[in-house]
Structure formats: C-alpha cells, structure tokens
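Notes follow once the structure below has been shown.
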Amino acid sequence: MSTPVTIRRTRPAHRKRARRGVTDADVVVVGAGIAGLAATAELAEAGRTVVLVDQQGRLGGQALWSSGGLFMIDTPEQRRMGIRDSTELAWQDWLGTAGFDRGVQDPEGQDFWAAQWARAFVEFASGELRAWLRAQGVRWFPLVYWPERGAQLAGGQGNSVPRLHITRGTGPGLLAPLERRVRAAVERGTVRLRFGHRVDELIVSAGAVTGVRGTIRPPDNPGPTAGATTVPGAGGTCAETFEISAQAVVVTSGGIGGDQALVRANWPPRLGPPPQHMLAGVPGHVDGRMLAISERAGARLVNTDRMWHLPEGVRDGHPIWTGHGTRILAGPSALWLDACGHRLPAPNFPGVDTLTTLRAIAESGHDHSWFVLTRKIAERELALAGAAQNPDLTGEDPLAVVKRLLPRMTPPLRAFLSLGADSVLAQTLPELVEGMNDLAGQPLIRLDDLKRQIELRDREIGRRFAKDAQLTAIRAARRYLGNRLIFTAPPHRILDPGAGPLIAVRLTVLTRETLGGLQTDLSGRVLRPDGEVLPGLYAAGEAAGFGGGGMHGYRALEGGFLGGCLFSGRRTGRAVTHAT
C-alpha cells in the first residue's frame, strides 16, 4: 500500500524544497475537464501551486469528444453572414428559454445565483469570450449554426438568430491552448497532475474544506487518447489511498449523465416518464459522485431535476464506453415520427425545441422515434456530432467548409448509414417500412398510414401557400444564407424517386448534461443550505450547473455548455487566486 501524500501550503510554495513524502500546494482542482483546465491555468499563471486530480488518464474530459461549439453574440462571423445580434436580444432569448422561477429575487432561492451567473455569461459571450480565446490562437469556421430555433412567441424559448460557432479543430482545438498553459505550468513545477486518483471524501476541519481523500485506481477507459498522461502508481488497486491538503478545493468533476439510475431518479414529471432504455452520451465515471460527496461535506445542491438529454441518439459505431451513443444532427426537413410512424406534432421538428420533443417521445409509450428523409436531405442536412465524427473539421482541413458546400455525405455519415445498426435505406416506401419494423423487432408502423402522412405533406410542395408548419419552418430557415449554403435542402417531395433512396434513422434518448448542481456565488464559492459560504470549497463547470447551480434554467440554447465551463472555470480560478 502506498503512503498517503499530504500536501501542505506554505508561501511561496514553489520556492521551498519539499520534504520527503510532502508536496506543497495552494489549491486542489478535482476534475481535469475543460472547466478544471481553465481554473488551473488561471491559478498557475497567478503564481499559485495546484494539484490537478482526475480519476481518468487524460486532460480534457468530455470536451475532447465535442464538436467545439460555442454560444457567442454579435461576432464578426455573424455579421459576415448578415446576422444582426446584440446582448439585449441574446438576454431576451436566454430568459425566455431558461424560465427562471425559483426565487430569483430571494437570496435563498435556487435561481438567485443562477440568474446572476446567466447574465454575467451572456455579457461574457458578447465580446470577451471570443477575444480571450482568439488571443490564445483559437479560430472558428465562417458559417454560424442555428440550433434550438424555437417555435413560440418572441419572448419564448429558442435562439432568435444563429449563434453557434464551431471551433476549428472542434473540441480538441478548443482545449489545445488550455492544455498548453497547464502543461507549461507542469514544466515550471507549479502544477502537479494526479491521474487515476478518485476523490472519495472532502476533508472538513473547523467548518472549512481543507483537502481531499481518495483511492488510486486504474482509469475506466484508458484507451489511445491523445494527450493522455499516466501517473506512476495510477494502475494500482483500490486499496492504495491518498490525502491532499490545501487552502482551497475546486470541484470541476461534471454531472450525473453517466449514471442512468441517477438520471431516472432525478427525471422530472414535466418531461414525461423516463425511458427504460437510453444510450450513454457520457462515460460511466460521469456519475455525480463529487456532487454527493460535496453535499455530505455541507454543500447545497439545487435544481437537480433540471437536465438536458437529447432525443436524437444513435449507437456509436466505435464505442468507447458501455452503451456509447452519439447525436445525429438534422436540419429542418426530416420527418420526425414516433415509434408507431406518426408525425410528431408541431413544434417537434429537428433543431427546434429539444426538451419539448423529448417530452413528446417520452409520452408516446415507446423509447424510440424515427427520422424519415431522402438522400437529397441527408446530403445537405444530416451529420453526426462530435470530434471523431467530423475528422475534416477536427483536423482543421483548410478546405473543410468548401467541401461541405457540395451536396454529399461525409464519410462517417455514409459509414453509419451503411452499418444499419440504427438506419434503414430503401428504394421504395414499402421496403423502408419493412426495414423499420424489422429493426424495431415488432410491426409498429403501418405502410398505409405512413404513406398517407407523407403524401399529405408532399402535396404542399410547390404551392405558394401551404399550412404544413414544418414546410413553413423550412422556408423560413432558408432565408438565412448559411442554411441555403449547407444546412437546409431545397424543399422537395419525400416520395420523389429522384431524391432517393429513402432513409430512416432510429433515434434513442441520449443522456447528457446536468443543468443543476452545486450552488455558487459569483466568485464560485460553494454555498451551504443556509445560504452562507462553505469556506474552502469552490465549484465550476457542470458540477456547478455551469455556474450558480443552474445558469441555463430549465433548458439550454446550445453552445453554452463549453462556454459555461470556460467562463465559470476562468472566473472561479481568478477568484481562488485572490483568496489564497
């Protein structure tokens, strides 16, 4: 059994010679994802010594697999695409989407700090976010995406304009400058990486958090991940323990999306009954352990019933963890059907309102739904999300955007459709329905019923006036140049043989983000149930509901997850710098 390591703070720590078995540090950061990296980089560059602890074997967390999308406001990329945006419009959209209603004006309310974090983030996303990242070498593709378009009144849910900016190099490209800063601090000796270290307890002394205890264990999914670093002893047994003491502990360990039992336990009735079968959008170690550990130490958890799970999940063709799923992105044209082949009612169209559609599927009595579309739609509108599924964007191919102007499927999408695990391709509708029922394992879809629905929709193609709400939404979407160039196919008949073959994609709910979390003030200090600060404990990223215990409110606008991690990690790191 290895000897527990005690890390004590002395000033200046990095100038003292460490005694045998003792390492000096100021701060422990728990979680080496993007929020943890942002906090660690700020702390180290301000002269603080940091121990960065993570139970896995790499830097970057879930951001490493992401598409690198960021919610930004009034950017040059938007203006070049003819998009007029402003802080005021974005704040209107954020409030209409978040729906804060839990004590916004009450200092003890669950939304009191969440709403303040939300306003601070929107202001950050209106200018400083882009400038800060650009100064570190981050760049974005010229086309701006428009997810969560909403289908309510002007003050309701959704983005009024396109705001999702995709980073060149996707998630790895966004992480690169943070990783460089942290690894430079490792070389200077101000940051120590401790992978394979799982925290099991926060040490509390005289009412203040003064460190962590845990076990040294092998990572769940070591894998050939770029940037992975293994620490000697990390492959030991769970009998090996460690203890680290410091002035402050920053929790950046993520949410609960990897623990489906916990997801179901917190699933709110407003989203319908929880699905019996879901895909895992995050690995199993994203299990909320640090949230429970922090709560036992005296922290307050708020808004635990707010979550962001995706209805467009498909099985990953190259799974890394158990039940690994990925999101399939669709433009506005695909028909969205329930498991029995009935079109979902408006506004349940692709890219419009994630949680409203999630509820409609949950209430349908089945755990899956379907996209039905044509080859022509797929070539323009269908894509798999994530860094690995977009090698041209992840590899920063200078011609990536130009190539995507051409109406053709990406190689990963072609491979997914050819695999057939969650897809059916057919030349005729009878063949398509037969394949869909075979894939579902039961004859839930009736050919005559589905044919009637598609013919009703197709009959409105080419008419100057029409009442099909989805066709109206498609025409509105094509008013945006970016949609005409890449994201939205010209309207055409689904049953047009020249647009085929027909494609069906089976969709399963995909677990993802936790929107609630540890309640924090604007300095990232974790609060107790009585509203007072729990000394020594800070939180950022998803563990803090991306700030304040839930800055997104009930639902999100996309791009605020990575941006929220960057913002809360940076802000909290700077606050801890002043407090230590």
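Of the residues making up segment 492-505, those that are crowded, with 20+ Cβ neighbours inside 10 Å and either modelled with pLDDT under 95 or not β-branched (Val, Ile, Thr) (or both) are 502, 504. Put simply, of 568, 523 the only residue that is polar (S, T, N, Q) and part of a loop (DSSP other than H, G, I, E, B) is 523. Just one of the listed residues (434, 460, 455) is closer than 22 Å to residue 381 by Cβ, acidic (Asp, Glu) and part of a helix (DSSP H, G or I), and it is 455.
Check whether at least one residue in segment 455-473 is touching a residue at least 60 places away in the same chain (Cβ under 8 Å), under 24 Å from residue 143 (Cβ atoms) and buried (at least 17 other Cβ atoms within 10 Å of the Cβ), and report yes or no. Within segment 455-473 (the criterion being touching a residue at least 60 places away in the same chain (Cβ under 8 Å), under 24 Å from residue 143 (Cβ atoms) and buried (at least 17 other Cβ atoms within 10 Å of the Cβ)), the answer is yes, since at least one residue qualifies. Only one entry in 304, 357 is more than 30 Å from residue 458 (Cβ to Cβ), surrounded by fewer than 24 Cβ atoms within 10 Å (Cβ to Cβ) and of a type in the set (Val, Ile, Thr), namely 304. Scan segment 123-144 and give yes if some residue there is assigned to a loop (DSSP other than H, G, I, E, B), among the aliphatic types (A, V, I, L, M) and crowded, with 20+ Cβ neighbours inside 10 Å, otherwise no. Among the residues of segment 123-144, at least one is assigned to a loop (DSSP other than H, G, I, E, B), among the aliphatic types (A, V, I, L, M) and crowded, with 20+ Cβ neighbours inside 10 Å, which makes the answer yes. For segment 92-103, the condition holds for no residue, the condition being that it is farther than 29 Å from residue 116 by Cβ and at pLDDT 95 or above. Scanning segment 313-329 for residues that are of a type outside the set (Gly, Ala, Ser) and open to solvent by less than 70 Å² (accessible area, probe 1.4 Å) yields 314, 316, 321, 324, 326, 327, 328, 329. As a summary of the residue check, residue 153 satisfies the conditions (1) surrounded by 16 or more Cβ atoms within 10 Å (Cβ to Cβ); (2) part of a loop (DSSP other than H, G, I, E, B) except for the one numbered (1).
Within segment 48-76, the set of residues being among the small types (Gly, Ala, Ser) and within 19 Å of the chain's Cα centre (by Cα) comprises 60, 61, 63, 66, 67, 68, 69. Here residue 484 passes the criteria (1) open to solvent by 60 Å² or more (accessible area, probe 1.4 Å); (2) over 25 Å from residue 152 (Cα atoms) except the one numbered (2). The conditions of being of a type in the set (Gly, Ala, Ser), under 24 Å from the mean Cα position of the chain (by Cα) and open to solvent by 40 Å² or more (accessible area, probe 1.4 Å) are met by residue 388. For segment 58-94, residues that are assigned to a helix (DSSP H, G or I) and either free of Cβ contacts under 8 Å to residues at least 24 places away in the same chain or under 25 Å from residue 394 (Cα atoms) (or both) total 11.
Could you check segment 284-300 and list, in sequence order, the residues that are closer than 17 Å to residue 199 by Cβ and not in a helix (DSSP H, G or I)? Of everything in segment 284-300, those that are closer than 17 Å to residue 199 by Cβ and not in a helix (DSSP H, G or I) turn out to be 284, 285, 286, 287, 288, 297, 298, 299.
The values are calculated or read from the model by the stated rules, or taken from the named source; none is laboratory data. Remember, predicted model here, so these are calculated numbers, not experimental data. Here Cβ is always computed from backbone atoms with ideal geometry, including for glycine, and neighbour counts include all displayed protein chains. The protein model used for the area step is the full one, side chains on, heavy atoms only, and it has no ligands, DNA or RNA in it. Shrake-Rupley method; radii C 1.70, N 1.55, O 1.52, S 1.80 Å.
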